[in-house]
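Q: My questions will all concern the structure given below.
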């Protein structure tokens, strides 16, 4: 796997930004001729563009956190899929009046950059989005605003009732309890364009099709009940929803490491690399 940190000037955010891109490359066994088709040799020229997962971090994290705390790079290499991780700061992946247009950055510029610079597919059937907590919220906002752009979404321990403006202004002073922090960033009015519940209502009323949806939350997570309610709403609207929970996990990386691998096994794949279904030998 090639893991690259890319620093470039964003024409949307008007500043230099860092993103992490992981792209499949020949493994050690493949370099030794193992796990290849007859007559095939290890090569850095891919036979087709790779499917891609846009993977979003949570509050106070950045583009490097997923690869620091989980095995997502290993999971992706096994399954021949590229992964793109940006730094959303604490801006919830939406546009703000301050001028930080993170919705536009993620939905337009990031795919423009990675699909232009790497052998990464821009086909909707090869495109997936997932994230945890604030990133789960961002996943829902992006996929439900543009359901035709994604084959599937994964929202892990999603902050489904997040108020982006409140979160962007959070900081300073002594930290309160988890319940106090959750209340602070889930109160107030939210633009319907950035409210997962309102977006689900809109898709249903317009008769549009939901992407396939994978929701996951630990039973000890402070966001568990909100995720259950959102799951039930989506099912009432006829969405294809897969739900995963564990009894002992809270809002924690051990759970997200487990779930991201499950999600990668669950996503619908029609790309060239999915034929046969076998994982690569690493």
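Bear in mind these aren't lab numbers, they're just calculated from the coordinates by the rules spelled out. Note that the structure is a prediction, hence the values are computed from the model and not measured. Here Cβ is always computed from backbone atoms with ideal geometry, including for glycine, and neighbour counts include all displayed protein chains.
Q: Give me a count of the residues in region 64-97 that are buried (at least 21 other Cβ atoms within 10 Å of the Cβ) and more than 19 Å from residue 129 (Cβ to Cβ).
A: Qualifying residue count for the region: 1.
Q: Tell me the strands (runs of 3 or more DSSP E) entirely within region 1-98 that contain at least 3 residues that are more than 14 Å from the chain's Cα centre (by Cα).
A: Details: elements: 2-10, 15-23, 52-56, 82-86.
Where strands (runs of 3 or more DSSP E) fall fully within region 1-98 and carry at least 3 residues being more than 14 Å from the chain's Cα centre (by Cα), they are 2-10, 15-23.
Q: May I pose another question? Suppose we filter region 35-48 for residues that are in contact (Cβ under 8 Å) with a residue 12 or more places away in the chain, over 26 Å from residue 86 (Cα atoms) and loosely packed, with under 12 Cβ neighbours inside 10 Å; how many remain?
A: Initially, region 35-48 is screened for residues in contact (Cβ under 8 Å) with a residue 12 or more places away in the chain, giving 35, 42-44, 46-48.
Narrowing further to those that are over 26 Å from residue 86 (Cα atoms): 35, 42-43, 47.
Cutting the leftovers down to loosely packed, with under 12 Cβ neighbours inside 10 Å gives us 43, 47.
Number satisfying all stated conditions: 2.
Q: Oh, and also: I need the full set of residues from region 78-102 which are touching a residue at least 60 places away in the same chain (Cβ under 8 Å) and touching a strand residue (DSSP E or B) at 6+ places or on another chain (Cβ under 8 Å), in order please.
A: Within region 78-102, 80, 81, 82, 83, 84, 85, 86, 87, 101, 102 meet the criteria.
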